[in-house]
Amino acid sequence: MSKQPLGTSEEKEMSFLDHLEELRWHIIRSLGAMFVAAIVFFSLKNFVFKHIVFAPKHDNFLTYKFFCWMSEMTCFKPKQFDLITREIGEQFFTHIKVSLWLALIFMFPYIFYEFWRFIKPGLYKNEKKAAGGMVFSCTTLFFLGVFFGYFVITPFALNFLIGYSVGPDAISSPTLSSYVSYLTLCTLPTGFVFQMPVLVYFLSRIGFITPGIMRRFRKHSIVVILILAAVITPPDVISQFLIGIPIFILYEISIVISARVEKKRNQTDLANT
């Protein structure tokens, strides 16, 4: 009986059901991590609501202090308002919802890591090498987007919407649930939108997008970006421009990334000929 040479092994191809079983365990581990994190955030109720959820309502919020430090002309303070609850159990269920959203945000690196572990075996060796820092890049961009939404979009959107009035007969009395919903809308989607450079990188790798196409449709992209900003932010012009400007900057960065991918692919093709 001949021995198999050292350093070689026959890999058994996984069946469709094996892939589903593998995916199931990745999902279970991700949900388990989220569940544990949600319990931790739920137990830290006072800290979470005082220093995170309700922080944009107060004068000592970092954004207000920063603008006041920059100049008296740019100094602005948040509009004073009280939050009310209209339904039985609203505070309890809002507490659960906040804990879940925070768990999703802070466990995003691990969740994406599980996703990356699932798709990584299906990549070629050169693709694995090229995407080696994918988890770090996606995590960094996600947190940048969330922080931008929380510290920049939220204060301006909150002040505009609370301060907007159609007349003295209408008094703003937002509910706790609506406040948390707007806070979530201003932060979480922004984190995913900031993944644009990573998405463009992969689309450029497979040749679906080229820098020439992105440059040709730059003017069209402005319209699309404004529409996207209107969808993921509260309905006011200030918030739309606050999210639209960084998205357009990310679009320009994505053009550079796509150009580098195309250049490297052309060099590889030239070397192989």
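The values are calculated or read from the model by the stated rules, or taken from the named source; none is laboratory data. Not measured: the values here are computed from a predicted model. Cβ coordinates were reconstructed from backbone atoms using ideal geometry, including for glycine residues, and neighbour counts include every protein chain displayed.
Before moving on, here are some points about what is shown:
- A Cβ distance below 7 Å, combined with a sequence gap of six or more or placement on separate chains, defines the contacts here; from the range 255-267, residues that are surrounded by 13 or more Cβ atoms within 10 Å (Cβ to Cβ) reach residues that are among the aromatic types (F, W, Y) in the pairs I257/Y201; V261/Y201.
- Count of residues meeting criterion [among the β-branched types (V, I, T), assigned by TED's automatic domain parsing to the domain that holds G145, at pLDDT 85 or above and farther than 23 Å from Q240 by Cα] in the range 167-214: 1
- Helices (runs of 4 or more DSSP H) lying entirely in the range 11-125 (those with 3 or more residues that are over 20 Å from V146 (Cα atoms)): 16-43, 62-70, 90-106, 108-119
- Considering only residues in the range 124-166 that are among the hydrophobic types (A, V, I, L, M, F, W, C) and loosely packed, with under 13 Cβ neighbours inside 10 Å, the one that is modelled with the highest pLDDT turns out to be F136.
- First in the range 64-78 and in contact (Cβ under 8 Å) with a residue 12 or more places away in the chain, second anywhere and part of a helix (DSSP H, G or I) and aromatic (F, W, Y), Cβ under 7 Å, 6 or more apart: F76/Y64; F76/F67; K77/Y64; P78/Y64
- Every residue from the range 61-100 that is among the acidic types (D, E) and surrounded by 14 or more Cβ atoms within 10 Å (Cβ to Cβ): E90
- Listed here are the helices (runs of 4 or more DSSP H) enclosed by the range 167-260 that have at least 3 residues being over 26 Å from F136 (Cα atoms) and in contact with a Ser or Thr (Cβ under 9 Å, 6 or more places away or on another chain): 176-193.
- Of all residues assigned to the range 98-111, at least one qualifies as being polar (S, T, N, Q) and modelled with pLDDT of 95 or more.
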